[in-house]
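**Q** Take this structure first; my questions come after.
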Amino acid sequence: MKNKYILAFLFVMALSSSCKKFLDTEPTDFYSPSNYYETADQLQVALNGIYSNMMYERMYGQVLNFNFVSATDEMLPNRPVNGEARGLYYSYDAGHAYVADVWRWPYLGINNANVLIDNINKPTMDEKQRGYIKGQALFLRAYNYFILTTNFGAVPIILHSPGIAETNIPASPQAAVYAQIVADLKEAETLLQGRTATGLGYNDQVTITAVQAMLARVYLYWAGYPTNDATKYADAVAYADKVINSGLHGLNPDYKQVFINLCQDKYDVKEDILEWGSAGAAAGVTNKTGNDIGNFVGIQSAILTVNGTFDPASYAAVGWVQTTKKLFDSYEVEPTSTLVNKASLDTRRDWNCADFIWTVNTTSGVRSKTEKPNPWQMMCGKFRREYCPETSRNLGTYNINWPVIRYSDVLLMKAEAENQVNGPTAAAYDAINQVRKRAYGTTYGNIVKNITVVNGGSGYSAANPPAVTISGGGGSGATAVAVVSTGGVVTGIKLTSRGNLTAAGPYFTNAPTVSIAAPTSGVTATATASITNGSEYLLTPGLNKADFQLAIRDERMRELCFEAYRKADLIRWGNFVGDMQTFANYAVANGVSATTGNAVGYSGITGITQRHVLLPKPTYELNLNKALTQNPGY
C-alpha cells in the first residue's frame, strides 16, 4: 500500500460541499482527522464508507466473485474474447490490471479502517455505540487482510496510516497476517457482544455471530496449506460451535429460496449470517457499485422490448461461465429415472446447474427458453436475475447483496474441522447431515421423490407436451413437465418442484396422484409417483477420516458452488495443481474436446502450475515499495 492510496480516504473527506477560495487559510469545509470524527454521526459515516468499499465493482461487485476464481472443477469460463484480460485463464502476470485491483482496494479499506480506529475515542458519545463502531471497523480491517493474504500470501501489515516517508514496508509471513486477523476479530468479538442480526432485523452489518463465523473460517485456512498449522482445527471447531450454539441461525428449508431472497432484497437473518450490502441507485442512474452478481456467473438472457414496451419477464445477463460435468454428476441421481439427465433428489442440482438459457427472436420479439442439456454447457443458475424486481431488470441495475457467510458453511466448517481433530464423530456427521437434509428438501417432511411413466401413451406433441398435474397425498406445491419423444410418446416426467418447501408445508404423507392430459387423438399416458422416506439425505455411515474429508470436499462444492470458495478450498487442501491437472484429464475423458463441451474453458486450465496458488504482487507496488519481493514463478 502506497501513500497515494493511503491518503485516498483523506482526499475524499476533503472534497468541498461548496465553493471556497482555495487560498483561504482556514477553510471551514475542509475535513481531515484533526477536524473530523468529532461526533458519533461522523464515526458512523466513516464506517459506512468502509462497508461501501466491499461491494465496489473491483471488490465483491464483480472481481472477487468472478475474476481469478471462475476456472475450477465446478465451473469454467466460455469467454474467448476478453477472458484473459479479466484473469479467467491463469495467463495473468504482475502487470494485470485486475490483479492490481485485488491488492489496491483491500488496502484502501484497511487504511479507511485504520483512520477510523485511530480516531475512535475523539467524540463524546455512548460507550456501547463507540464499541460497536470500533468492533465493526476491526472486522472490516481483518476481512480485507484475509482477502490479501489468501490471494497474495505474505503482505505488509499496516495498522496506522503511514507517514510520508514510510514507503518501504516489508511483507509479513502469512501466519503473522492470520495472527493479526485473529487479534482484530477477537477484539471485535468482545466489543460486539449482544449485537445480533436478529436484533437488528438485517444482516449486512457485522454482528457477534459474523465475527465468530469468520474466526472459524480464518482458523480453518490457517490450519491448511501453505501454513499447515493443524493445531488451528480445534479453534475452528470452537468458533463454529459458538455460532451453532447461539441458536440465532438455521437453514432455510428451501435451498433456492436463500438466493431468491437475495435477488428480492429480503433479509434472511437465520441463514445468511453476513451479507455485503449493495445500495440501490436512483431510477435511471447506473448502479454505482457495478454489481455484476448473476451477470457473468448467471443464466444468459437479454432485456426484451416488444413494440417499445419492456417485457417484465426479461433481464440482462451474459452468462460467461458454465458448469462442469463433475459438479453436475456430484449430485446423487434416481437410478430408475428415464430422463436423459436422470432426476436428482438433491434439490440443489437443478437450481445450481440450469439446463437452459433465454433467447430472443429479434424479428418476432419472442422470448423463449432454449435447452442446454449438456452439463458442460449448463449455466450457473444460483443467482437468478429473473427474480429481481421488474424496475431493476428494466434499468439493468442489479443490487443483489453478496452472501459473505452462510450458516451451511459454518456447519460444513464444523464437520471438516471436527473430523481433522477427532475423526468422523457423531458431531461431524450431524453437521454435514444437517446441510444434506435441507438439500434433499426433507427438513420438515417428505416430498415427491420420483415419477415413473407406466404407459407413455401416443399422439402427443414434443413441441407442446401435455400438462401434468400432481394432487393428493397430503402435500402441495409439486409440479412437473412431460418429456415427449418425436414419436409422440411420453418418455419421462421432469419434476420442476418436489413440493412446498416451507416450515409449515404441508408435506406428503402418501404418494400423490399424477394426471397427464389426454392427447387430441391417441392414448392417454399414465404415471405414478413415489415420495421420500426421510432418510435419503444421510451420508454413508462408517466412513474413515480420509473418506469423510473427501465427502466434505464434494459437499462444499455441491452446497457452495459459484460463491467464490472452490479455488481457495482446493488451495488450502494442499494439492491445487494436481487436482486441476486431474480434472483436466477428467474433462477430456468425459466429453470435452476442441469441438464439444466447453473447449474454451478447458484450454484455460491446461497451463496451471504451482505459481497459480497465489496471485503475483502488482508491478506498480513492487516499483514503489522496495521492501517487497515477488511471489515465486512471476
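Any read-out appearing in this document is the output of simple, stated calculations on the displayed coordinates, not a laboratory observation. What you see is a predicted model, and the numbers here were worked out from it, not measured in a lab. Here the Cβ positions follow ideal geometry from the backbone for every residue, glycine too, while neighbour counts run over all protein chains shown.
**Q** Tell me, what is a quarter of the convex hull surface for the C-alpha atoms of segment 466-520, in nm² with one decimal?
**A** Seen from a random direction, the Cα hull of segment 466-520 projects 4.0 nm² on average.
**Q** Let me ask something else about it. Based on alpha-carbon positions alone, could you give the equivalent ellipsoid semi-axes of segment 329-465 from the gyration tensor, as √(5λ), descending, whole Å?
**A** The three semi-axes for segment 329-465 are 35, 26, 13 Å.
**Q** When N counts the residues of the chain, how does its alpha-carbon radius of gyration compare numerically with 2.2 N^0.38 Å, as a ratio?
**A** For the chain, the normalised Cα radius of gyration is 1.02.
**Q** So, with +1 on the Cβ of K and R and -1 on the Cβ of D and E, and no other charges, what is the size of the charge dipole of segment 287-362 about its Cα centre, to the nearest 20 debye?
**A** I would put it at about 180 debye.
**Q** Next up: How long are the semi-axes of the ellipsoid equivalent to segment 435-534, from square roots of 5 times the Cα gyration tensor eigenvalues, in whole Å, largest first?
**A** In descending order the semi-axes read 28, 12, 10 Å.
**Q** What is the Cα radius of gyration of segment 407-467 over 2.2 N^0.38 Å, N being its residue count?
**A** Dividing the Cα Rg of segment 407-467 by 2.2 N^0.38 Å gives 1.94.
**Q** If you don't mind, there's one more thing I want to ask. Taking each pair of different alpha-carbon atoms in segment 303-390 once, compute 1/r for the pair, average those values, and report the inverse of that mean as the Kirkwood hydrodynamic radius in Å to one decimal.
**A** Kirkwood radius, segment 303-390: 14.5 Å.
**Q** Something else about it: In whole Å, what is the distance between the alpha-carbon centres of segment 80-133 and segment 420-480?
**A** Their Cα centres are 42 Å away from one another.
**Q** Still on this model: Applying a 10 Å radius around every beta-carbon, put 46-57, 105-116, 542-553, 293-304 in order of their mean neighbour count, most first.
**A** 105-116, 293-304, 46-57, 542-553
**Q** Assigning unit charges at the beta carbon (Lys, Arg +1; Asp, Glu -1) and nothing else, what dipole magnitude in debye, to the nearest 20, does the chain show about its Cα centre?
**A** About 620 debye.
**Q** Please report the net charge: other residues with Cβ closer than 9 Å to the Cβ of Arg553, K and R +1, D and E -1.
**A** Spelling it out: positives minus negatives among the neighbours equals -3.
**Q** Given the DSSP H assignment, sum -39500 (n - 2.57) over each helix run of at least 4 residues in the chain and divide by its residue total; what's the result at 222 nm in deg cm²/dmol, nearest 500?
**A** That comes out to -11000 deg cm²/dmol.
**Q** Near Gly131, within a Cβ-to-Cβ distance under 12 Å, what is the net charge of the other residues, with Lys and Arg +1 and Asp and Glu -1?
**A** 0
**Q** OK, next. Order these peptides, 556-562, 165-171, 594-600, by their mean beta-carbon neighbour count within 10 angstrom, highest first.
**A** The densest-packed peptide leads the list: 556-562, 594-600, 165-171.
**Q** Across every pair of different alpha-carbon atoms, what Kirkwood hydrodynamic radius in Å does segment 71-195 reach?
**A** Its Kirkwood hydrodynamic radius stands at 16.7 Å.
**Q** Now for a separate question. Provide the net charge surrounding Gly474, with neighbours chosen by a C-beta distance below 15 Å and charges set as Lys +1, Arg +1, Asp -1, Glu -1.
**A** Computed value for this residue: +2.
**Q** Compute the normalised compactness of segment 371-449: alpha-carbon radius of gyration over 2.2 N^0.38 Å, N being the residue count.
**A** Relative to the 2.2 N^0.38 Å estimate, segment 371-449 comes out at 1.56.
**Q** Okay, next question. What angle do you read, to the nearest 10 degrees and between 0 and 90, between the alpha-carbon axis of helix 576-589 and the longest principal axis of the chain?
**A** 30 degrees
**Q** Put +1 on the Cβ of each Lys and Arg and -1 on the Cβ of each Asp and Glu in the chain; which of Asn35, Phe383, Ala179 then has its Cα farthest toward the positive end of the dipole?
**A** Projecting each Cα onto the dipole axis, the largest value belongs to Phe383.
**Q** Using Cα pairs under 8 angstrom and six or more residues apart, how large is the relative contact order of the chain, in percent?
**A** The normalised contact order for the chain reaches 17 percent.
**Q** FRET efficiency for Gln630 and Val588, Cβ-Cβ distance as r, R0 = 41 Å, nearest 0.05?
**A** Rounded to the nearest 0.05, the efficiency is 0.80.
**Q** If you take the C-alpha gyration tensor of segment 495-610, multiply each eigenvalue by 5 and take the square root, what semi-axes do you get, largest first, in whole Å?
**A** So the equivalent ellipsoid measures 40, 25, 13 Å along its semi-axes.
**Q** Could you tell me how many degrees, from 0 to 90 and to the nearest 10, lie between the Cα long axis of helix 97-118 and the main elongation axis, the longest principal axis, of the Cα atoms of the chain?
**A** 60 degrees
**Q** Let me know the Rg and Dmax you get for segment 546-623 when you use only its Cα atoms, in Å.
**A** When restricted to the Cα atoms of segment 546-623, Rg and Dmax are 15.1, 47 Å.
**Q** Here is a further query. At 0.890 mPa s and 25 °C, plugging the Kirkwood radius over alpha-carbon pairs of segment 156-309 into Stokes-Einstein gives what diffusion coefficient in µm²/s?
**A** My calculation gives 129 µm²/s for D.
**Q** Enter the angle in degrees (range 0 to 90, nearest 10) between the Cα long axis of helix 426-439 and the first principal axis of the Cα atoms of the chain, meaning the one along which they spread out most.
**A** 60 degrees
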